[in-house]
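Here the structure comes first, spelled out in structure tokens, and everything after it is commentary.
The values are calculated or read from the model by the stated rules, or taken from the named source; none is laboratory data. Worth saying up front: this structure is predicted, and the values here are computed from it rather than measured. A quick note on method: Cβ atoms are made from the backbone with ideal geometry, for glycine too, and the neighbour counts reach across all protein chains shown.
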Amino acid sequence: MMKKLLSLMMALLMVFGTVSFAENVDDKAADDSYTLEQVVILSRHNLRAPLSSNGSVPSELTPHSWIQWSANSSELILKGGFCAHDVTVLGTLTALGAKLDALPDSIETKTPIGVKLMFERLRDQEGQAWYRVSLVYRSTEQIRSAEMLTLDNPPMKYTLSFEGVETNGDGLIAEADLFSLFDRSVSVLDELETAYALEDAA
């Protein structure tokens, strides 16, 4: 499962084109020195239509109108992509050797509700591709207050680093180094799979 997920994510990082929401990403490193080209996201629980919708029994308990979702109640909507549980996100981070401290402003210190593992691909003025890998999530107060996330009230963003992987002065990882990290992680999972298979056969 984890090996397939890492392999699929690496494939998407290699072949995906620019995605529509990339232009809305505002970050210090996405300045005149870099051009944001692509974003790939692994999301805890992803985006699902709620159980309530217009015409449902719960909708009659509130005067508010419900959004017309692109999917039936509780199903993944069209913006759904990689959907994972917290253990899948944490397993991915562990397999990649992420240096993960307790996340600031979050009760769940590793993979809070709604967390996104985000890979941003940027290109510098010399044409070299770089990646920033981050966890994006709502703060405890944003969750408690049910605050709307906007450009003026953005989510929390925690930039990740990885064991044995160097970054440049802006905290970005060279594309070749990121892909090598994926290759090493998949190789380790292959070795574990082989070891357990031999152990079961003994």
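Yes or no: GLU141 acidic (Asp, Glu), crowded, with 17+ Cβ neighbours inside 10 Å and in contact with an Asp or Glu (Cβ under 9 Å, 6 or more places away or on another chain)? No: the conditions fail for GLU141. On inspection, LEU151 does not qualify as part of a helix (DSSP H, G or I) and in contact (Cβ under 8 Å) with a residue 40 or more places away in the chain. When you scan the stretch 125-135, do you find a residue that is over 18 Å from LEU36 (Cβ atoms) and in a loop (DSSP other than H, G, I, E, B), even just one? So far as the stretch 125-135 goes, no, none of its residues is over 18 Å from LEU36 (Cβ atoms) and in a loop (DSSP other than H, G, I, E, B).
Can you name the residue in the stretch 92-111 that is outside any loop (DSSP other than H, G, I, E, B) and either basic (Lys, Arg) or in contact with a strand residue (DSSP E or B) (Cβ under 9 Å, 6 or more places away or on another chain) (or both) and, of all such residues, is modelled with the lowest pLDDT? Top of the filtered list is THR92. Yes or no: THR88 modelled with pLDDT of 90 or more, under 19 Å from the mean Cα position of the chain (by Cα) and either hydrophobic (A, V, I, L, M, F, W, C) or surrounded by fewer than 19 Cβ atoms within 10 Å (Cβ to Cβ) (or both)? Here the answer is no, as THR88 does not meet what is asked. Only a single item in (1) outside any strand (DSSP E or B); (2) at pLDDT 90 or above; (3) over 16 Å from LEU36 (Cβ atoms) is not met by GLY114, and it is number (2).
Starting from residues that are of a type in the set (Phe, Trp, Tyr) and under 16 Å from the mean Cα position of the chain (by Cα), keep the ones in the stretch 117-133 and report whichever is modelled with the lowest pLDDT.
Restricting to residues being of a type in the set (Phe, Trp, Tyr) and under 16 Å from the mean Cα position of the chain (by Cα), the top hit is PHE119.
Of all residues in the stretch 159-186, those that are farther than 14 Å from GLU120 by Cα and touching a residue at least 60 places away in the same chain (Cβ under 8 Å) have Cβ atoms under 7 Å from Cβ atoms of residues that are hydroxyl-bearing (Ser, Thr, Tyr) and assigned to a helix (DSSP H, G or I), 6 or more apart or on another chain, in VAL186/SER7.
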